[in-house]
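The values are calculated or read from the model by the stated rules, or taken from the named source; none is laboratory data. From a predicted model like this one, the values you see are computed outputs, not experimental measurements. Every residue, glycine as well, gets a Cβ built from its backbone with ideal geometry; the counts of neighbours run over all protein chains shown. When the accessible area is computed, the model is the full protein with side chains, heavy atoms only, and any ligands, DNA or RNA have been set aside. Shrake-Rupley method; radii C 1.70, N 1.55, O 1.52, S 1.80 Å.
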Amino acid sequence: YPLLEYVAAVFRGQTLVDAPTAHYPATAGRVMVHPLPELTVGGHWYGSFSAPAGAEKRRQEAEGSYERGPIHLRGEQIWASDGPLERRGGYALGAWRLSPHWEPLARTDWLTTDIHKANTTSVAYLAGLNFYCGKHVKAAANAGAQHDQGPKGISSIFLAQTVLSF
């Protein structure tokens, strides 16, 4: 692994689907540091630079991961704003690869959809099992609970997925 990875970009601001009539160019940058082969820390930044007042978009993110032998730990925190709307969220994940095929895990996710309003935070707690079928296919089943502020309270979660990777 290299000690430092970095990238910078300038975007025109036009999306491929449902493109708005006004395009606001943006810049982005990402830096990842590998102080040890199994440890990665870093972050990225994104921001529009010609949007009118109240329509600016910003996103900052900090992340880290530690992978040594069968242990995999990851986490991320994101801060985002679309004009006056400010959000934040992230996750923490721990997994233990028991064999080439089986990996139990625990994960928590959090999201605040508007930091200026009450009862807009949700936290999910999940535990589950991944099954790896070869190098490119993973099947996962996770169950847990989600705690929403406000009238919803606590609800149950079940997530099943198949992931193809190349």
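By the Stokes-Einstein formula, at 1.567 mPa s and 4 °C, region 69-133 with its Kirkwood radius over alpha-carbon pairs has D equal to 96 µm²/s. Be a star and scan region 134-166 for residues whose amide nitrogen sits under 11 Å from the point 7 Å along the Cα-to-Cβ vector of HIS101. Only 134 pass the distance filter. Solvent-accessible surface of region 57-166, taken per residue with a 1.4 Å probe and all protein chains present: 63 Å².
Here region 1-133 was treated as a single set of alpha-carbon atoms; its pair distances binned every 10 Å from 0 give 11, 28, 31, 23, 7, 0 percent.
Rounded to whole numbers, the Karplus 3J(HN,Hα) couplings from phi for region 26-38 are 9, 10, 8, x, 9, 9, 10, 10, 10, x, 9, x, 8 Hz, using 6.51 cos²θ - 1.76 cosθ + 1.60 with θ = phi - 60°, and x at Gly and Pro. Here the simple spin-label model places points 7 Å from the Cα toward Cβ, and for ARG87 and LEU4 these points are separated by 3.3 nm.
How many percent of the accessible area of the chain is carbon or sulfur, using a 1.4 Å probe? That fraction is 63 percent.
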